[in-house]
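Comments concern the structure below.
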Amino acid sequence: MLDFVHLHVHTQYSLLDGQASIAKLLKKATADGMRGMAVTDHGNMMGIKEFYNACNKLNGERKKEGLEPFKPIIGCEMYVAPNRKESKEKELGDLVRYHLIVLAKNKVGYHNLVKLVSRAWVDGFYNKPRTDHADLERYHEGLIVCSACLAGEVPRKISAGDMAGAREAIEWYHNIWG
C-alpha cells in the first residue's frame, strides 16, 4: 500500500455524503501504510484546518519514531456549472452540476482553491456552491484536477452519448492543465 494515496476522500464535512471523522481517517490511512491522503469534501473546505492540524500532530509523533511525514493533500470536490456560475435558470439546465476534484499542489494552488470555493459560495450558489470554466481558467495555477466520479463533466457527456461534447470538455481541461 505504500504507493497508494487516496485523492478523493469525504469526511463528516461532506453533508449527507460522508461521516468519517478526520482522526479516524488518518488512523486508518497510516495503519494501512499510506504516505498521504487528500480531503475533498463536497463543495467546501470546512474540514481542511482540522485535517492539516491533525496531520501536523501526527507528523510530530512520526518524527519521534523516525518515520516519514504523512502528506496532507488539500482539495475539494467542486461543482461546475454547465454555463456561468451566476446563471440560475432552471429551464436552461442550470441545476446541473458536474463534479470535479480540485487539489492544491503548492501554496499558490491553495490560495487559488480558496478563491474558487469562496466564489462558488458567494457568486455561484444555486442549490449548491458552483464554479465555472471562467473561474477555473482564471485560478488554475498551482492546481491539479481529476474527473471525480460518474457525475463529472466528461463521464456524464459520455453516458448521454454526447461524444463531441465529451471531447470538447477533455480538450478544454487539457488546454488549461496540460
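The values are calculated or read from the model by the stated rules, or taken from the named source; none is laboratory data. Just so it is clear, the structure is predicted and the values come from calculations on it, not from any experiment. Counting neighbours? That spans all protein chains shown, and the Cβs are built from the backbone with ideal geometry, glycine included. Surface accessibility is based on the protein's heavy atoms, side chains included, excluding ligands, DNA and RNA. Shrake-Rupley method; radii C 1.70, N 1.55, O 1.52, S 1.80 Å.
DSSP beta bridges fully contained in the stretch 51-178 are about 80 percent antiparallel.
In sequence order, the stretch 62-67 has phi-based couplings of 5, 5, 4, 8, x, 9 Hz under the Karplus curve 6.51 cos²θ - 1.76 cosθ + 1.60, θ = phi - 60°, and Gly or Pro positions carry x.
In Å², what does the accessible area per residue of the stretch 43-178 work out to with a 1.4 Å probe?
Working: 7700 Å² over 136 residues.
Using a 1.4 Å probe on heavy atoms only, each residue of the stretch 43-178 averages 57 Å².
A quarter of the convex hull surface defined by the alpha-carbon atoms of the chain gives 10.8 nm² as the mean projection.
Each Lys or Arg adds one and each Asp or Glu takes one away; over the other residues whose Cβ falls under 12 Å from the Cβ of His10, this sums to -3.
Could you work out what % of the accessible surface of the chain is carbon and sulfur, using a 1.4 angstrom probe and leaving DNA, RNA and ligands out of the count? Carbon-and-sulfur percentage of accessible area, whole number: 55. Residue pairs exceeding 29 angstrom between C-alpha atoms, taken from Lys49/Lys88; Lys24/Lys90; Lys128/Lys157; Lys64/Lys115; Lys57/Lys107; Lys57/Lys115: Lys49/Lys88; Lys24/Lys90; Lys64/Lys115. Between Glu77, Glu50, Glu141, the Gaussian network model of the chain with springs among Cα atoms under 10 angstrom shows the greatest mean-square fluctuation at Glu50. Among Thr11, Thr30, Thr40, the residue with the largest mean-square fluctuation in a Gaussian network model of the chain, with springs joining Cα atoms closer than 10 Å, is Thr30.
Each peptide in 14-25, 127-138 gets a packing score, the mean of other Cβ atoms within 10 Å over its residues, and the list from highest to lowest is 127-138, 14-25. The HN-Hα couplings worked out from phi for the stretch 44-49 by the Karplus form 6.51 cos²θ - 1.76 cosθ + 1.60 (θ = phi - 60°) are 8, 10, 5, x, 5, 5 Hz, whole numbers, x standing for Gly and Pro.
Amide H contacts for Ile73 (H built 1.01 Å from N in the peptide plane; partners 5 or more residues away or on another chain; cut-off under 5 Å): Met37, Ala38, Val39. In the stretch 106-178, the convex hull through the Cα atoms has an average projected area of 5.2 nm², a quarter of its surface area.
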